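First up is the structure itself, then whatever we jot down about it.
The values are calculated or read from the model by the stated rules, or taken from the named source; none is laboratory data. Not measured: the values here are computed from a predicted model. Methodologically, a virtual Cβ is constructed for each residue, glycine included, from the backbone with ideal geometry; neighbour enumeration extends over all protein chains shown.
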């Protein structure tokens with residue numbers, strides 16, 4: 001279910017490494033909890049973030065949820081397609097529904113995140 | 001946590017379940033937007049078995065209901081339904097509800113909100129003491145399904161001997177649906193045409209499955225509490241606890257049409273009459289967001305630089321495709337077009353008073 005090439009946070013963000021950069025989105029579990037997403041609040045490129053800092057928010061019909069940056073870094077791009085089609089997060093959370101691209105400050109921080117198998121175990125724990 | 005008799009059916013259908021008013025209920029199946037639009041354009045099927053059913057029976061049942069409610073139950077003949085409220089002596093809400101006239105003047109069914117059933121039952125029992133009536137809480141024995149949407153009649157008709165074409169809005173009849181004895185009323189909580197189907201049978205899943213089989217090919221979807229809330233808000237139907245409570249009067253809630261002073265005495269009458277004469281200080285109005293963002297319940301509301309209220313109901317409305325809501329505002333701010341601000345997380349966003357209901361179906 002959860003791709004092996006991604007890293008996962010306890011707050012249900014995922015991260016994909018691409019050289020010195022990272023693509024970040026919310027997990028399939030997170031999008032299912034939110035339901036139909038209708039609005040995504042995106043940061044300005046250039047914004048510098050610490051790990052766990054709010055990068056934006058995702059709003060569904062019923063609720064709103066902050067998105068936290070899994071690692072420290074600078075926003076180099078945002079997924080502007082989400083302004084027109086926020087439901088990309090529901091349809092393809094780990095792919096076309098990506099939210100931001102960061103220039104990573106310290107790659108070692110990635111080691112604090114979970115691999116797919118660990119994240120799946122973490123989710124099982126939440127359901128009990 | 002209580003379960004309705006349809007619990008297994010929801011889980012089989014892949015519903016996401018949540019706790020609501022002490023019941024494990026489906027909040028959504030396919031998604032709130034799809035379910036909402038299905039009800040507006042085709043049809044949706046809801047399990048609302050959590051609702052409360054209280055029966056008032058006895059020679060003074062009508063007199064008792066008249067005393068407990070502001071609307072005129074004396075206008076009801078057998079087979080008629082009325083939207084009304086249980087009012088406090090302060091003219092505020094114990095609950096809002098439907099009254100079904102089973103027999104004049106001796107038998108009435110009150111259909112109340114799930115979260116209030118026990119409170120309402122205790123209230124009705126206490127306040128009915130001076131009257132020759134029995135009050136019985138039959139909530140646990142009842143299951144209730146709601147079939148709502150423009151195709152509701154077409155889907156239900158093949159499953160019942162009742163002539164639905166003859167059944168007017170806010171009337172009901174007893175008859176079989178899918179072979180099971182039911183009370184079928186032409187009522188609902190969505191702003192669409194449709195039916196609410198009550199049964200005492202132990203196997204209401206037979207009805208559910210028959211309706212889904214009949215309606216599925218026509219685009220009928222099962223609908224959860226999530227879309228039930230967005231549908232009722234678009235139609236400006238009240239939600240107890242959000243829009244009305246024991247701190248808001250019937251007149252402040254803009255429900256003067258259910259207050260019939262000429263019928264005689266009822267709980268809260270004196271205060272409501274006084275409020276009508278003196279004029280309201282605040283009133284419930286509908287708003288839309290002007291700035292991009294969505295107002296949610298309890299978000300603070302500002303005017304002239306100070307907080308004047310908080311949001312009652314607020315959501316994104318899938319059919320009218322706007323962020324809408326309801327709020328009590330000082331009367332001087334209630335004119336259509338008046339702008340005010342809502343604190344949405346860390347920002348103050350502009351909103352505007354607009355006419356309600358936000359959605360009104362076109363009459364055929």
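Screening B:235, B:201 for residues that are over 15 Å from the mean Cα position of the chain (by Cα), surrounded by fewer than 23 Cβ atoms within 10 Å (Cβ to Cβ) and more than 14 Å from chain A (Cβ to nearest Cβ) leaves exactly one candidate, B:201.
Condition test on residue B:42, is it more than 19 Å from the chain's Cα centre (by Cα) and within 14 Å of chain A (Cβ to nearest Cβ)? No: the conditions fail for residue B:42. Give the residues of the stretch A:91-100 that are surrounded by 19 or more Cβ atoms within 10 Å (Cβ to Cβ) and either out of contact with any helix residue (DSSP H, G or I) (no Cβ under 8 Å at 6 or more places or on another chain) or assigned to a helix (DSSP H, G or I) (or both), sorted by residue number. Result: A:98, A:100. Being part of a helix (DSSP H, G or I) and either farther than 18 Å from residue B:187 by Cα or within 14 Å of chain A (Cβ to nearest Cβ) (or both) is the filter here; which residues of the stretch B:208-227 pass it? Passing the criteria: B:209, B:210, B:212, B:213, B:214, B:215, B:216, B:217, B:218, B:225, B:226, B:227.
Scanning the stretch B:292-329 for residues that are loosely packed, with under 14 Cβ neighbours inside 10 Å and either under 30 Å from residue B:362 (Cβ atoms) or in contact (Cβ under 8 Å) with a residue 40 or more places away in the chain (or both), we see that the one that is farthest from the other protein chains (Cβ to nearest Cβ) is B:321. Just one residue in the set B:120, B:106 is touching a strand residue (DSSP E or B) at 6+ places or on another chain (Cβ under 8 Å) and surrounded by fewer than 22 Cβ atoms within 10 Å (Cβ to Cβ); that residue is B:106. Annotation: of all residues in the stretch A:41-62 being more than 11 Å from chain B (Cβ to nearest Cβ) and in contact with a helix residue (DSSP H, G or I) (Cβ under 8 Å, 6 or more places away or on another chain), the one that is surrounded by the most Cβ atoms within 10 Å (Cβ to Cβ) is A:58.
For every residue, the table says whether it meets (1) touching a helix residue (DSSP H, G or I) at 6+ places or on another chain (Cβ under 7 Å); (2) in a loop (DSSP other than H, G, I, E, B); (3) over 18 Å from residue B:68 (Cβ atoms); (4) modelled with pLDDT under 95.
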| site | (1), (2), (3), (4) |
| --- | --- |
| B:236 | no, yes, yes, no |
| B:246 | no, yes, no, no |
| B:252 | no, yes, yes, no |
| B:262 | no, no, no, no |
| B:267 | yes, yes, no, no |
| B:271 | no, no, no, no |
| B:274 | no, no, yes, no |
| B:284 | no, no, yes, no |
| B:287 | no, no, yes, no |
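Within the stretch A:66-75, at least one residue is exposed (fewer than 15 other Cβ atoms within 10 Å of the Cβ), touching a strand residue (DSSP E or B) at 6+ places or on another chain (Cβ under 7 Å), within 14 Å of chain B (Cβ to nearest Cβ) and without any contact (Cβ under 8 Å) to a residue 40 or more places away in the chain. Looking across the stretch A:6-20, the residues that are under 14 Å from the mean Cα position of the chain (by Cα) and either in contact (Cβ under 8 Å) with a residue 40 or more places away in the chain or farther than 29 Å from residue B:226 by Cα (or both) come down to A:6, A:7, A:8, A:9, A:10, A:11, A:13, A:14, A:15, A:16, A:17. Just to verify a result, which residue in the stretch A:76-87, among those that are without any contact (Cβ under 8 Å) to a residue 40 or more places away in the chain and within 14 Å of chain B (Cβ to nearest Cβ), is surrounded by the fewest Cβ atoms within 10 Å (Cβ to Cβ)? Only one residue tops the list, namely A:84.
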